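Working notes for the structure below.
Each value in this text was obtained by applying a stated rule to the coordinates, not by laboratory testing. On a predicted model such as this, the values are computed, not experimentally measured, just so you know. Here the Cβ positions follow ideal geometry from the backbone for every residue, glycine too, while neighbour counts run over all protein chains shown.
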Amino acid sequence: MEQKKILWVDDEIELFRAHIILLSDKGYNIETVTNGTDALSYLNDNEPDLIFLDEMMPGMGGLELLSKIKDRIPHVPVVMITKNEEESLMNEAIGGKITDYLTKPVNPSQVFLVCKKILDSKKISSQFVAKDYLQDFNQISFLIQERLDYDEWIDIYNKLVSWDIELDSYSEIGLKQSLLELKKQCNQEFSKYIEKNYSKWVNTNERADRPPMTIDFIGDYLLPSVKEEDSNVFFFVLDCLRLDQWLVMEKHLIDYFRINKEYYLSILPTATSYARNALFAGMFPSEIERFYPDLWKGSDEDERSMNKFERELLQLLLERKKIRLRNDLRYLKIIDPDVGRNFEQNVSSYQNNHLTAIVVNFLDMIAHGRSDSDLLKEIAPEESAYRSLTNSWFSHSYLLSVFKSISKIRNAKIIITTDHGSVRCMRGAKVLGDKETSTNLRFKYGRNLKADEKHAIFIKDPLEFKLPRRGLTINYIIAKEDYYFVYPTDYHKYLSHYKDTFQHGGISMEEMILPAIIMEAK
């Protein structure tokens, strides 16, 4: 392995002979100069991996030399060494973008530790990351062979998502493919778990006999905050938000908020037209259709047409729960960026409102847009890049500005969730149906639907899954794992077109395990 090169600039370099010998013995290549002029001359032909820089030297001082170094090679780490302990000097050096700061006298072990931290930390961390990952890999592989309960599935999913994000920084250790295979195995077992238990859960009247689900969210998380005296509650539904996307967004908010996260399961199908209506109504789709038929209209092919009455459904839920707001419920759906920017500029006008509900559709638009855009596929070819795209959007978005503005409002609390996540679909499943069959890729309803039971759940009686009947002979099928439905006609064309796209509507951890987030300003 090539030796790391260190340039040491100090007019009293002989005092550090023991330090230099130790570093040389540890495998570092050390070059020394005694003044700024010689340092700049050295840098004309060489690029070290690290520079030690004395702050007080005759002629060109350390801070002046630091500025010239950063002009030439801004990415090279610089450690300043000085006798001066004044805070103003430290601030000036930090402002000059030093990497670390040592105060004389320094001993050889201090210098060696700094070198290890700066030059070898990634390598050392990679070794420990690989060790920890393999330990978790073996543990999860063993666990999914057992009969797991809801809480255990939440723990497994959290570990998988954490490793997904962690390994983004350690691509060189080559564990990404292993993690993809592990997630595939986990989703296979998770699908079995859902298939075995779902109809039992949705048909029980005892909360203790099922996990928390979409229909429970308002009662479990929103209403307790609404009931607090003088509360100003902002309820955000970020359409098609995955847990990994939230975690990269959350990093931008931790300086402003205390953040608490819990989890619950989406209803099936994990599609906007079903899950979001259930979220706002606190009812399963078949119950909404039964009790509020005028509010259950539209077509699954046009998701917007199925979600015209979210405000009305939420208002009806508040009335059923006998919740009286100080002022009218305010509701906003942000589909157009101009609407988002207008909301950003007018957040202060909502500061005295008791409850404000906001639906943000941008993440769903990214998911759908990537399916049809070669440009977006090129920008986000896999899940790590998809998270990066989310991060890039959020860090410059009106939504981040809105959250920051709300953090300044007295008694404000932000409740965040989603209607469903999305899964990266990699395997096609052949499906048969008549011309009236719905066109969704992850679930379908129609007459005489046929698909391999290894790839999908077949629902003969929609009411057993608390779904609308839509007619006496209508059945549903819901895709498992990372499968997507393709008709036999032009099979290979559509198989190729929709492979490696982010879809929702089916059964996977990414679609069904959803965060319930509560944020309060620090």
Which of the peptides 98-107, 154-163 is most tightly packed, and how do the rest follow, judged by the mean count of other Cβ atoms within 10 Å per residue?
154-163, 98-107
Work out how much length LYS450 to PHE142 would gain on full extension: take 0.36 nm times their residue separation and subtract the Cα-Cα distance, in nm to one decimal.
107.5 nm
For the stretch 122-197, how big is the tail of P(r) above 22 Å, as a whole percent of Cα pairs?
25
Calculate the translational D of the stretch 211-423 in whole µm² s⁻¹ from Stokes-Einstein, where the hydrodynamic radius comes from the Kirkwood formula applied to all Cα pairs, the temperature is 37 °C and the viscosity 0.692 mPa s.
183
Going through the cross-link list LYS251/LYS454; LYS377/LYS430; LYS159/LYS333, which pairs have a Cα-Cα distance over 29 Å in this structure?
LYS251/LYS454; LYS159/LYS333
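For each of LEU65, LEU317, count neighbouring Cβ atoms within 10 Å of the residue's Cβ, then give the residues from fewest to most.
Ascending number of Cβ neighbours within 10 Å: LEU317, LEU65.
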Listing HIS368, HIS497, HIS252, HIS75 from the residue with the fewest other Cβ atoms within 10 Å to the one with the most, what is the order?
HIS75, HIS497, HIS252, HIS368
LEU432 to ASP294: extension gain in nm, 0.36 nm per residue of separation minus the Cα-Cα distance?
46.5 nm
How many nm is it between the label spots at LYS104 and ASP374, if each spot is 7 Å from the Cα in line with the beta carbon?
6.3
Hey, what D do you get for the stretch 5-106 in µm²/s if you plug the Kirkwood alpha-carbon radius into Stokes-Einstein at 37 °C and 0.692 mPa s?
241
Chain lengthening between ALA385 and THR439 when straightened (0.36 nm per residue, less Cα-Cα):
16.6 nm
Computed on Cα atoms, Rg of the chain relative to 2.2 N^0.38 Å comes out at 1.21
Please work out the C-alpha center-to-center distance from the stretch 499-522 to the stretch 429-471 and express it in whole Å.
23
Would you mind pulling out the separation of the Cα centroids of the stretch 14-53 and the stretch 160-223, in Å?
52
Shape call, the stretch 204-274: gyration tensor on alpha carbons, a/c limit 1.5
oblate
For the stretch 460-513, restrict the atom set to alpha-carbon positions and state the Rg and Dmax in Å.
13.8, 35
Can you give me the Cα centroid spacing of the stretch 117-149 and the stretch 365-392 in angstrom?
27
Isotropic mean projected area of the C-alpha convex hull, the stretch 377-505 (nm²):
11.1
Work out how far the C-alpha atoms of the stretch 427-499 reach from end to end along every principal axis, then list the three figures in whole Å, largest first.
34, 25, 16
Computed label-point distance, nm, for sites SER121 and GLU152 using a 7 Å Cα→Cβ extension
3.8
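Rounded to the nearest angstrom and ordered from largest down, what semi-axes does the equivalent ellipsoid of the stretch 309-431 get from its C-alpha gyration tensor (root of 5λ)? Working shown, then result.
Details: eigenvalues 210, 79, 27 Å².
Result for the stretch 309-431: semi-axes of 32, 20, 12 Å.
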Selection of trypsin sites (Lys or Arg not before Pro), the stretch 407-463, meeting DSSP coil and at most 15 other Cβ within 10 Å
LYS408, ARG410, LYS435, ARG447, LYS454, LYS460
